[in-house]
Amino acid sequence: MTDLDERLSRFIDERKSKGRFRKLREYDTSANSSLIDFSSNDYLSLTSSPALRQAYLARLAESPQVLGSTGSRLLSGGTPAHHVLEDRFASFFNSPSALLFNSGWDANVSFFSTAPQHDDWVVYDELVHASVHSGLRSSRVKQERRLAFKHNDPSSLSDVLRAIQYPAGGTVFLALESLYSMDGDFAPLSQLLDVLDSHVPPSKQCVVLDEAHSTGVYGVSGRGIVRALGEEGRVAVRLMTFGKAVGCSGAVLLCSPTIRTFLINFARPLIFSTALPHSTLISLSCAFDLLESAEGERRRLALFTLSRYLDSLLAPLLAETPRSVLSLPPTSPTPFPQSTCPSLPPCPPSPILGLITPTPHALSAYLLERGFIVRPVVPPTVPPGMERVRICLRADMGTEVLDSFVEGIREWVKTSREQSERTVSSNQNTSMIQKRPRIEVKAKL
Ligand SMILES: Cc1ncc(COP(=O)(O)O)c(C=O)c1O
């Protein structure tokens, strides 16, 4: 073992001792597999859509370029095909301009590491994605100017904005997500924007909203929540990612032409990395054709129906289960904001559910034995005490799958309650046995 291996092993062992060790677990989730995946972000089941597969293969077959892009966007990797797709996204999402990135991670890191300057403030929901933090860590913004507010809490945002004693100059960046990936709840977007407006003049604001988990799912043809709420005017930057409901990979940042030009000049992940390959551009073009078709709408509605069905199965079970065994997150999840979007049901539900349990690994293993893939999520991904399993629904799951899934959870709850009752009673017995000799000793004395 080298010196380095030894040192790294110590870090790994420390992780293990804290129960935070991560390892790659690969399951067969192909069409032939009997496993049902409740951990995938493929909310609309597009990765297994026969229509999308057929359209994609046909387009690949006729396209002159299908493989790598051969370079960064600033060198040989920038092609008319990239630009055509950006123009399509700018108009589809109603944005002045659009810039493609290889991933949502790259887009967030690019923006947050370069756009905010040393005299700016960055205020963020405490649950924003790790990529925002990674970007900020390499930005010019000092730690004391990066401030978290309580998750989805307008009054906490107000407190934070008051505390920064604006106007102290600079711009106030506000980083939010539209649908949070761990609790599966929505941001009360318009309320948060109203709070910001009441503290900071529009010319000094920059709202950055991550729509990674809502792209493709909400709004007309999946245009996202900002578009559905008509809040494009108050949200300066939107991140739409393609690795989740869109079933592909990559991301687009929707922003002003100035921000776009700035990022092309300063964003290192964009400047120094090979641009998205043609195969991905083709897959994206086909996926957005599908999102805009009747099939896209059918899939979105199927997902909402399933989400409601799962809630109806879980509600009675959770009502009779002690919170120490299994529960929903402590604060009631923020529902979808009021919307006038014609194609949305009045209050569309979320496809993501976090079930809090102190023993997420045990629940995950139990469900896996029954054929359900459910991943445990532990700190530092979630705060200590908020360990959970994360459940994601997909449009092509049948209701019968949800019936047997919830039955599996019910059995686990029953088994864990029986186990903990046995432990309590055996502890009581042990303490009685331990007490007895002491009495004897006393008697002897
Ligand atoms: C909220 C959020 N933003 C950004 C990302 C990164 O997106 P990508 O997977 O495209 O890198 C993720 C990925 O999980 C995410 O959940």
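A few notes on this one:
Each row is one residue, and each column tells you yes or no for (1) open to solvent by 40 Å² or more (accessible area, probe 1.4 Å); (2) away from the ligand (no atom under 16 Å from the Cβ).
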| residue | (1), (2) |
| --- | --- |
| Glu126 | yes, no |
| Pro154 | no, yes |
| Leu157 | no, yes |
| Leu176 | no, no |
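- Within segment 78-98, the set of residues being in contact with a Pro (Cβ under 9 Å, 6 or more places away or on another chain) and under 20 Å from Pro269 (Cα atoms) comprises Ser97 only.
- Flag if Ser134 is within 16 Å of the ligand (Cβ to nearest atom), of a type outside the set (Phe, Trp, Tyr), crowded, with 21+ Cβ neighbours inside 10 Å and in a helix (DSSP H, G or I): no
- Complete set of residues in segment 222-244 that are small (Gly, Ala, Ser) and modelled with pLDDT under 95: Ala228, Gly230
- Residue selected from segment 250-263 under the condition touching a residue at least 60 places away in the same chain (Cβ under 8 Å) and open to solvent by 50 Å² or more (accessible area, probe 1.4 Å), by the criterion nearest to Gly224 (Cα to Cα): Pro257
- If the condition is being modelled with pLDDT under 85 and within 26 Å of Glu26 (Cα to Cα), then segment 384-427 contributes no residue at all.
- Any hit, segment 190-210, residues being assigned to a loop (DSSP other than H, G, I, E, B), closer than 28 Å to Trp105 by Cβ and not aliphatic (A, V, I, L, M): no
- Test for Ser17: is it in contact with a Cys (Cβ under 7 Å, 6 or more places away or on another chain) and either open to solvent by 90 Å² or more (accessible area, probe 1.4 Å) or under 22 Å from Ala107 (Cβ atoms) (or both): no
- Verdict on Gly247 being at positive phi, away from the ligand (no atom under 13 Å from the Cβ) and at pLDDT 95 or above: no
- Some residue of segment 73-91 being within 16 Å of the ligand (Cβ to nearest atom) and in contact with a Leu (Cβ under 6 Å, 6 or more places away or on another chain): yes
- Screening segment 369-403 for residues that are assigned to a helix (DSSP H, G or I) and free of Cβ contacts under 8 Å to residues at least 12 places away in the same chain and picking the one that is least open to solvent (accessible area, probe 1.4 Å) gives Glu400.
- Residue check for Ser110: away from the ligand (no atom under 11 Å from the Cβ) and either over 28 Å from His278 (Cβ atoms) or open to solvent by less than 10 Å² (accessible area, probe 1.4 Å) (or both): yes
- Residue check for Phe101: within 14 Å of the ligand (Cβ to nearest atom), more than 20 Å from Gln205 (Cα to Cα) and either outside the structural domain of Thr261 (by TED's automatic domain parsing) or crowded, with 23+ Cβ neighbours inside 10 Å (or both): yes
- Of all residues assigned to segment 198-209, at least one qualifies as being within 30 Å of Ala287 (Cβ to Cβ) and either open to solvent by 30 Å² or more (accessible area, probe 1.4 Å) or free of Cβ contacts under 8 Å to residues at least 40 places away in the same chain (or both).
- For segment 211-329, the helices (runs of 4 or more DSSP H) that sit wholly inside it and include 2 or more residues that are within 20 Å of Ala51 (Cα to Cα) are 278-291, 294-319.
- Count - residues of segment 207-234 that are touching a helix residue (DSSP H, G or I) at 6+ places or on another chain (Cβ under 8 Å) and within 15 Å of the ligand (Cβ to nearest atom): 12
The values are calculated or read from the model by the stated rules, or taken from the named source; none is laboratory data. A quick note: this is a predicted structure, and the numbers were derived from the prediction, not measured. Cβ: placed from backbone, ideal geometry, glycine included. Neighbour counts: every protein chain shown. Quick note on the areas: whole protein, heavy atoms, side chains included, nothing else; ligands and nucleic acids left out. Shrake-Rupley method; radii C 1.70, N 1.55, O 1.52, S 1.80 Å.
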